[in-house]
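Colleague: Starting off with a structure, shown below.
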Amino acid sequence: MTQCCGCQSQSARYKAILLFGAPGSGKGTQGKILAAIPGFLHTSTGDLFRALDPSSDLGKVFREYSTRGELVPDSFTIDLWKEHMRKVVESGRFELATDLVLLDGVPRNVNQARLLADAIDVVKIICLDTDKLDVMVERLKKRAQKEGRADDADESVIRNRMDVYRTNTTPILDFYPKDKIAKVEATLSMIGVFTEIAKIVRPIKDALDGYPVAQEPSPRPAAKKAPAKKPVKKPAKKVAKRAKGRGR
Ligand code: AMP
């Protein structure tokens with residue numbers, strides 16, 4: 001990657017899609033689904049932290065903060081993510097010109113957004129949004145049982161994570177241009193959310209790969225209505241004859 005004075009030039013920044021949403025909104029699930037498509041890379045800072053050796057210095061810092069539902073200090077987090085990306089690029093698993101990196105769980109506050117600005121070119125922000133926070137809490141509790149995640153096992157820690165999201169993360173949306181933000185209802189089915197995300201991401205990826213950018217299909221012409229059948233009238237003569245007959 002071309003570097004000048006420690007910052008990355010415009011063209012060398014990673015083209016990025018930010019996945020936003022409260023804990024439990026499905027960022028990780030959707031990021032993983034999308035990353036099954038070549039040309040997409042999913043990165044989750046939560047996953048990077050959990051993959052650390054718990055006895056390492058950073059592993060201990062992570063545990064200390066995450067068990068309280070709090071954010072790990074910004075510099076540790078952004079350094080960890082940048083180092084991860086450096087290794088991914090070095091190993092040839094990310095094509096700067098055409099690949100898109102999905103950022104899941106980062107930036108989590110405005111300071112992190114600033115610290116990332118020299119490294120990422122944000123092409124879209126997908127916000128998995130909902131008013132139904134209780135659905136998110138239930139999802140997190142289920143995930144805690146399945147995956148044994150300490151930070152999701154306790155409802156008060158979950159509620160704290162939700163509060164941290166609301167207070168720290170929502171202002172980030174004001175940091176980025178409004179026209180880059182797309183909202184998707186988070187409580188749709190998994191495939192429902194994915195379908196909405198795919199509609200948003202496809203034109204971006206198609207353009208990068210040189211495919212003609214798909215147009216919205218034009219509405220089909222309405223089917224012609226069959227002319228209404230006229231009621232069959234019985235010939236007046238026969239009716240008159242029958243009436244005559246009955247009168248005899
Ligand atoms: P997540 O898996 O994204 O819900 O993150 C789990 C925990 O990892 C969080 O509660 C934080 O303690 C820590 N963490 C993950 N991403 C970040 C971040 N961008 N900034 C600070 N802490 C983070």
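Colleague: Which of the residues belonging to the range 15-42 are under 14 Å from V101 (Cβ atoms), in contact with a Leu (Cβ under 6 Å, 6 or more places away or on another chain) and either assigned to a loop (DSSP other than H, G, I, E, B) or not hydrophobic (A, V, I, L, M, F, W, C) (or both)?
Modeller: K15, K27, G31, H42
Colleague: Additional query: Please state which one of V72, V101 is of a type in the set (V, I, T) and more than 23 Å from R166 (Cα to Cα).
Modeller: On the way: V72 fails: more than 23 Å from R166 (Cα to Cα).
On inspection, the qualifying residue turns out to be V101.
Colleague: If you don't mind, there's one more thing I want to ask. Given the criteria under 23 Å from K183 (Cβ atoms), assigned to a helix (DSSP H, G or I), within 12 Å of the ligand (Cβ to nearest atom) and touching a helix residue (DSSP H, G or I) at 6+ places or on another chain (Cβ under 8 Å), does G46 qualify?
Modeller: Values: under 23 Å from K183 (Cβ atoms): yes; assigned to a helix (DSSP H, G or I): yes; within 12 Å of the ligand (Cβ to nearest atom): yes; touching a helix residue (DSSP H, G or I) at 6+ places or on another chain (Cβ under 8 Å): yes.
It is true that G46 is under 23 Å from K183 (Cβ atoms), assigned to a helix (DSSP H, G or I), within 12 Å of the ligand (Cβ to nearest atom) and touching a helix residue (DSSP H, G or I) at 6+ places or on another chain (Cβ under 8 Å).
Colleague: Within 24 Å of Q30 (Cβ to Cβ) and not aliphatic (A, V, I, L, M): which single residue out of D57, D118, D99, D53 fits that description?
Modeller: D99
Colleague: Just need a number here: residues in the range 146-172 that are surrounded by fewer than 16 Cβ atoms within 10 Å (Cβ to Cβ), among the aliphatic types (A, V, I, L, M) and modelled with pLDDT of 85 or more.
Modeller: 0
Colleague: Starting from residues that are in contact with a Gly (Cβ under 6 Å, 6 or more places away or on another chain) and surrounded by fewer than 19 Cβ atoms within 10 Å (Cβ to Cβ), keep the ones in the range 27-73 and report whichever is nearest to F194 (Cα to Cα).
Modeller: L52
Colleague: Determine whether V184 is surrounded by 13 or more Cβ atoms within 10 Å (Cβ to Cβ), touching a Leu at 6+ places or on another chain (Cβ under 6 Å), closer than 19 Å to H42 by Cα and β-branched (V, I, T).
Modeller: Taking the combined requirement at face value, the residue satisfies it.
Colleague: Any residue in the range 62-78 that's farther than 14 Å from R50 by Cα and near the ligand (Cβ under 7 Å from one of its atoms): show its pairings with residues that are modelled with pLDDT of 95 or more and part of a loop (DSSP other than H, G, I, E, B) at Cβ separation under 9 Å, as long as the two are six or more apart or on different chains.
Modeller: Final answer for the pair search is D74/P107.
Colleague: With over 17 Å from T45 (Cα atoms), surrounded by fewer than 16 Cβ atoms within 10 Å (Cβ to Cβ), away from the ligand (no atom under 15 Å from the Cβ) and under 19 Å from the mean Cα position of the chain (by Cα) as the only criterion, which of D99, D131 stands out? Working first, answer last.
Modeller: Details: D99 fails: surrounded by fewer than 16 Cβ atoms within 10 Å (Cβ to Cβ).
Step by step, each of D99, D131 is checked, and only D131 is over 17 Å from T45 (Cα atoms), surrounded by fewer than 16 Cβ atoms within 10 Å (Cβ to Cβ), away from the ligand (no atom under 15 Å from the Cβ) and under 19 Å from the mean Cα position of the chain (by Cα).
Colleague: Quick test for you: out of R93, R143, pick the one residue that is surrounded by 13 or more Cβ atoms within 10 Å (Cβ to Cβ) and basic (K, R).
Modeller: R143
Colleague: Kindly list, by first and then second residue, each pair from a residue in the range 99-122 that is farther than 13 Å from R13 by Cα to a residue that is within 13 Å of the ligand (Cβ to nearest atom) and small (G, A, S), limited to pairs with Cβ atoms under 7 Å and residues at least 6 apart or on different chains.
Modeller: L102/G31; D104/G28; D104/G31; D104/S44; G105/S44; G105/G46; P107/A113
The values are calculated or read from the model by the stated rules, or taken from the named source; none is laboratory data. Every value quoted in this text rests on a predicted model; they were computed, and no experiment measured them. Don't worry about glycine lacking a Cβ; one is built from the backbone with ideal geometry, like all the others, and counts go over all protein chains shown.
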